[in-house]
Amino acid sequence: MGITKSTLFTEEQNALAKLAKVLGHPARIAIIEHLLAANACINNDLVQELGLAQATISQHLKELKQIGIIQGTVEGVSMSYCINPEKWAELSSLFNHLFNQYQPKNNCC
């Protein structure tokens, strides 16, 4: 979506689209699921868990970190990642707001 076109949409619509785009890769979903289960993680654990190359994992972590879904801290020569609770709450709120708008009707095609 071009910068000029994004002005046609609300701030919430743009935010949700950005989040959805980052979540649109199965490796990123797997990373998030692993972090949710572990409640913290070191990058090397993800390489073993997902079976992807270190460089690939690093790129996916970068995307998740840029949007704020995860946060990381340096521990020696490794990075330890976890879910960013504030961004997770925002993400949950945005998606819930969207999904809760649906009111099923019996006369739908």
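Just so you know, all these numbers are worked out from the coordinates, no wet-lab data involved. For clarity, every value in this text was computed on a predicted model and none was experimentally measured. Every residue, glycine as well, gets a Cβ built from its backbone with ideal geometry; the counts of neighbours run over all protein chains shown.
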| said: Angle check, please: helix 54-67 long axis (alpha carbons) against the longest principal axis of the chain (alpha carbons), in degrees 0 to 90, nearest 10. | reply: 50 degrees
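Output the peptides 89-102, 23-36 sorted from most to least packed, where packing is the average of other Cβ atoms within 10 Å over each peptide's residues. Walk me through the intermediate numbers first.
On the way: 89-102: 11.6, 23-36: 15.3.
Packing order, densest peptide first, comes out as 23-36, 89-102.
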| note | Cβ-Cβ cut-off under 10 Å around Ala38, Lys and Arg +1, Asp and Glu -1: the net charge is -3
| Total Lys pairs in the chain closer than 18 Å by alpha-carbon, pairs eight or more apart in sequence or interchain only? | 10
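Tell me, what is the percent relative contact order of region 10-93, built from C-alpha pairs under 8 Å that lie six or more residues apart?
Numbers: 77 pairs, mean separation 25.5, N = 84.
Value for region 10-93: 30 percent.
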| note | The set of residues whose placed amide H lies less than 5 Å from the amide H of Asn84, leaving out same-chain residues fewer than 5 positions away, is Ile70, Gln71
| How large are Rg and Dmax for the chain when only the alpha carbon atoms are used, in Å? | 16.7, 60
| task | Assign unit charges at the C-beta atoms only (+1 for Lys and Arg, -1 for Asp and Glu), then state the dipole size of region 22-89 relative to its Cα centre in Debye, rounded to the nearest 20. | result | 180 debye
